[in-house]
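The next block holds one structure in the form of C-alpha cells; read it before the comments.
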Amino acid sequence: MNLTILDTPFSVVKFPQAHDIPSWATKSEFFSITRTKEELSVVCESANVPADISEDAEHEWKCLKVEGVLDFALTGILSSLANPLADNGISIFAISTFNTDYLLVKAHSLEKAKLVLENAGHSFQ
C-alpha cells in the first residue's frame, strides 16, 4: 500500500449518544463523525477542539491515509496495516470511508509506525 501522512494533529472526542454534533467538528477537510446507540464519536483536527473539551478526548494523533480508491472486493487491506503495528505495540484508531482507509496513530509513535509499515512492504509518499 502507498500511504500518506496528513500534516495536522487530530483528536478523538467522545460525547453522550444524544449530544448534538458540535459545529467545530466539521471545520476542516478531514473529519469523521459516528453515532451509535452508546455514543457520538468525533475525529477532527486538534486545533478545532475547544480547550474546555478534555474529559473524554484523546489528542495528538497523526493520520495515515491509504492512497487510491480501494475496491470493496479487496480483503486484508486493514489487517496488512494493523497487524504489523499491533505486533510492535502500536495502537491505532481506524476509519474507513467508501474510497479508502485511514489509520490514526499517536504522534509519539509515528516514526516507529512508519518504519514498521515500511518493513512490512508499504511505502510513504
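Here, each number is a calculation from the coordinates, and none is a lab measurement. Just so you know, these numbers come straight off a predicted model, no measurement behind them. Note: ideal-geometry Cβ built from the backbone for every residue, glycine included; neighbour counts use all protein chains shown.
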Crossing angle, helix 77-87 versus the chain [Cα axis fit, 0-90 degrees, rounded to tens]:
90 degrees
Would you mind ranking K14, K37 so that the residue whose beta carbon has the fewest other beta carbons within 10 Å leads the list?
K37, K14
Just subtract the alpha-carbon distance of E67 and A107 from 0.36 nm times their residue separation and send over the number in nm, one decimal.
12.4 nm
Can you work out ³J(HN,Hα) from phi for every residue in segment 41-48, in order, using Karplus 6.51 cos²θ - 1.76 cosθ + 1.60 and θ = phi - 60°, giving whole Hz and x for Gly and Pro?
10, 10, 10, 7, 4, 4, 5, 8
Compute the label zone of T8 within segment 85-125: residues whose backbone N is under 12 Å from the point 7 Å along Cα-to-Cβ.
none
Enumerate the lysines that K114 could reach by cross-link, defined here as Cα to Cα under 23 Å, with residues fewer than 8 away along the same chain left out.
K62, K65, K106
Given the DSSP H assignment, sum -39500 (n - 2.57) over each helix run of at least 4 residues in the chain and divide by its residue total; what's the result at 222 nm in deg cm²/dmol, nearest 500?
-5000 deg cm²/dmol
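Sort E39, E29 by Cβ crowding within 10 Å, fewest neighbours at the top. Don't skip to the answer; put the middle values down first.
Values: E39 15, E29 7.
Arranged by neighbour count, lowest to highest, E39, E29 become E29, E39.
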Which residues' amide hydrogens lie under 5 Å from the amide hydrogen of L104, considering only partners 5 or more residues apart or on another chain, with H built in the peptide plane?
L64, F93, A94, I95
For the chain, find the longest principal axis of its Cα atoms and tell me its angle to the long axis of helix 110-119, 0 to 90°, nearest 10.
30 degrees
In range of the label at H59: residues from segment 78-112 whose backbone nitrogen is under 16 Å from the point 7 Å along Cα→Cβ
106-108
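Would you please report the Å³ per residue occupied by the convex hull of the alpha carbon atoms in the chain? List each step's numbers first, then the result.
Details: hull volume 15.1 nm³, N = 125.
Measuring per residue, one finds 121 Å³ for the Cα hull of the chain.
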Can you give the net charge of the other residues whose Cβ lies under 14 Å from the Cβ of A86, counting K and R as +1 and D and E as -1?
+1
Please rank L115, L110, L81, fewest neighbouring Cβ atoms within 10 Å first, as an exposure proxy.
L115, L110, L81
